[in-house]
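The values are calculated or read from the model by the stated rules, or taken from the named source; none is laboratory data. Computed from a predicted structure; not experimentally measured. Backbone-built Cβ (ideal geometry, glycine too); neighbour counts: all protein chains shown.
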Amino acid sequence: MEELSVGTRVDHPRYGEGIVSKNNLTAYEIIFERGGKMEITKRNTDLTVLEHNEDAPRTGLSLSEIENVMAYVLDKYAGLSEIIPLGEKWIGGTMILQPANQDLKPKEIPIEAFFHKIVMLRDRLRVLEQSINSHKKLSDEEKVHIQQYITRSYGSLTTFNIFFAEKEHYFKGAKS
């Protein structure tokens, strides 16, 4: 449903005709003939627009515009992680960590849980890289120096590439 402005006439199957009196971030306040003042969520599909108020000034951003901005920001700063598939042969598998001392019990970890931690580590390394590269006070030389440590960290993690379904998600260290 499009964003409704104050003064727009609407119809609701239960409350009848009404007029939008407030346009909040996630809901409309509507004064209905039969229901009085009600707050209806913007995601509600029961409202039918009878007459738009074309003269109402636009106030703020619409919910969909805010959602788009939030998705952009989260994506830019790696708050939204892409879905990384686990290699098929590992799905449902278990890692068993057996201590050298046979008197101690082994620890079993679902591979999916371990894989999730690996992916989180990789994502955080990427965020760290972005933070370093965009840091305003570090010189280019300092950025390169710190970046080398991150590259070596990726190299140390290449052992875990066997868990990834697609090579494009692999850890890649420095090429020698």
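Values as computed for the structure displayed
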| quantity | calculated |
| --- | --- |
| Failed item in (1) under 15 Å from A165 (Cβ atoms); (2) at pLDDT 90 or above; (3) surrounded by 11 or more Cβ atoms within 10 Å (Cβ to Cβ), with H116 passing the rest | (2) |
| Candidate set: region 13-32, residues that are of a type outside the set (S, T, Y) and in contact with a Ser or Thr (Cβ under 8 Å, 6 or more places away or on another chain); chosen: the one modelled with the lowest pLDDT | N23 |
| Residue ID - nearest to S64 (Cα to Cα), chosen from residues in region 1-51 that are of a type in the set (S, T, N, Q) and in a loop (DSSP other than H, G, I, E, B) | T26 |
| Residues satisfying the stated conditions in region 152-176, i.e. without any contact (Cβ under 8 Å) to a residue 40 or more places away in the chain and in contact with a helix residue (DSSP H, G or I) (Cβ under 9 Å, 6 or more places away or on another chain) | S153, Y154, L157, N161, K167, Y170, K172, G173, A174 |
| Cβ pairs under 8 Å, 6+ apart, first in region 103-121 and on the phi > 0 side of the Ramachandran plot, second in a helix (DSSP H, G or I) and β-branched (V, I, T) | none |
